[in-house]
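Report on the following structure.
The values are calculated or read from the model by the stated rules, or taken from the named source; none is laboratory data. All values derive from a computational prediction rather than experimental measurement. Cβ sites come from the backbone with ideal geometry, for glycine too, and all protein chains shown count toward neighbours. All accessible areas refer to the heavy atoms of the entire protein, side chains included, with ligands and DNA or RNA removed. Shrake-Rupley method; radii C 1.70, N 1.55, O 1.52, S 1.80 Å.
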Amino acid sequence: MAGVKWGKSVRRLGLGLTLIAALAGASPVGGPSQVQDPSTMPPEAIGIGQVVTAAELAAWGRRRGDPGALILAARMLDEVPVRVGEGEAPFLTPDRLLDEAAALSLGQPAWLDAIDRVREHGARGVDSSSFGEGPIFTVKEVRARAVYGFEVEARGGEVLRIAAIGDGDTNIDLSMRDAQGAVICRDGSGDHYPVCTVVPRRAGTVRIDIINRGDVWTKVQILSN
């Protein structure tokens, strides 16, 4: 029966995954051209989208007590290599998701076997990946009602994607501003997985603001291509 439940869980997630993937890049606010064709995106930017989708799927699994969702999220996350930036170690990792899945499995052998297979045959350590070198991640703590801001140098005509994955304690917003201070992308959808994707027409500095909308501090795992 557990094996049947796993199959049903995967099928049940199909539509949700499609919708999540479609929403994984927030809409730009005028200015830069919108990114509509995934084939034009660098592999690291596509990898960011998959990491965010995995985070959304894991949250779905937690809400429903579904270990299968967390196992699938771990597999998705495991496919994406990451380059270490600064700050603490990431809190969204395949091993942590599998640990959560094990706790939800209530000792059922089929679930535990599936978890062991993912741990044993994961994608970590592969020599090459369809996601290139992988996105760069940084982990920061953001105080209640505070903003963590930083700047990046964007290349003209190339995709710039930034994601901020919170630890779940509070809602997080994300915005991008060009060198003149104009907002070129904003994701204020009221969750803790905001993403912005833009293609600046010309090279220049882009200001990134990550806003903690809650009354408690939160850890944020920031990804950029």
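Residues that are assigned to a strand (DSSP E or B) and open to solvent by 10 Å² or more (accessible area, probe 1.4 Å) were ranked within the stretch 198-220; the one that is nearest to PHE91 (Cα to Cα) is LYS219. Of everything listed in (1) under 30 Å from PHE150 (Cα atoms); (2) at pLDDT below 95; (3) open to solvent by 30 Å² or more (accessible area, probe 1.4 Å), the single unmet condition for PRO28 is (3). Within the stretch 209-219, is there a residue that is closer than 19 Å to GLY49 by Cβ and not basic (Lys, Arg)? So far as the stretch 209-219 goes, yes, one or more of its residues are closer than 19 Å to GLY49 by Cβ and not basic (Lys, Arg). The residue of the stretch 173-197 that is surrounded by the most Cβ atoms within 10 Å (Cβ to Cβ), among those that are outside any loop (DSSP other than H, G, I, E, B) and of a type in the set (S, T, N, Q), is THR197.
Return yes or no: is CYS196 in contact with a Leu (Cβ under 6 Å, 6 or more places away or on another chain) and either at pLDDT 95 or above or not hydroxyl-bearing (Ser, Thr, Tyr) (or both)? If you could, list the steps in order and put the result at the bottom.
Working: in contact with a Leu (Cβ under 6 Å, 6 or more places away or on another chain): yes; either at pLDDT 95 or above or not hydroxyl-bearing (Ser, Thr, Tyr) (or both): yes.
Yes, satisfied.
The residues in the stretch 42-56 that are farther than 21 Å from GLY68 by Cα and in contact with an Asp or Glu (Cβ under 9 Å, 6 or more places away or on another chain) can be counted, and the count is 4.
Checking the condition in contact with a His (Cβ under 8 Å, 6 or more places away or on another chain) and of a type in the set (Val, Ile, Thr), which residue from THR205, THR170, THR197 passes? Before the answer, list the steps.
Numbers: THR205 fails: in contact with a His (Cβ under 8 Å, 6 or more places away or on another chain); THR197 fails: in contact with a His (Cβ under 8 Å, 6 or more places away or on another chain).
Being in contact with a His (Cβ under 8 Å, 6 or more places away or on another chain) and of a type in the set (Val, Ile, Thr) holds for just one of THR205, THR170, THR197, which is THR170.
Checking the stated criteria, VAL51 turns out to be closer than 29 Å to GLU158 by Cα, modelled with pLDDT of 95 or more and aliphatic (A, V, I, L, M). Cβ-Cβ contacts under 9 Å between residues 6 or more apart (or on different chains), taken from a first residue in the stretch 69-96 that is aromatic (Phe, Trp, Tyr) to a second residue that is open to solvent by less than 30 Å² (accessible area, probe 1.4 Å), are listed as PHE91/VAL139; PHE91/ILE165; PHE91/GLN221.
Within the stretch 45-66, how many residues turn out to be assigned to a helix (DSSP H, G or I) and open to solvent by less than 30 Å² (accessible area, probe 1.4 Å)? Let's see the steps before the verdict.
Residues of the stretch 45-66 assigned to a helix (DSSP H, G or I): 45-64.
Applying the additional criterion that residues be open to solvent by less than 30 Å² (accessible area, probe 1.4 Å) yields 45, 47-49, 51-55, 57-59, 61.
The total comes to 13.
Can you spot a residue in the stretch 74-95 that is over 17 Å from TYR193 (Cα atoms), among the hydrophobic types (A, V, I, L, M, F, W, C), open to solvent by 30 Å² or more (accessible area, probe 1.4 Å) and out of contact with any Gly (no Cβ under 9 Å at 6 or more places or on another chain)? Scanning the stretch 74-95 turns up at least one residue that is over 17 Å from TYR193 (Cα atoms), among the hydrophobic types (A, V, I, L, M, F, W, C), open to solvent by 30 Å² or more (accessible area, probe 1.4 Å) and out of contact with any Gly (no Cβ under 9 Å at 6 or more places or on another chain). Right, PHE150: among the aromatic types (Phe, Trp, Tyr) and without any contact (Cβ under 8 Å) to a residue 60 or more places away in the chain or not? It is true that PHE150 is among the aromatic types (Phe, Trp, Tyr) and without any contact (Cβ under 8 Å) to a residue 60 or more places away in the chain.
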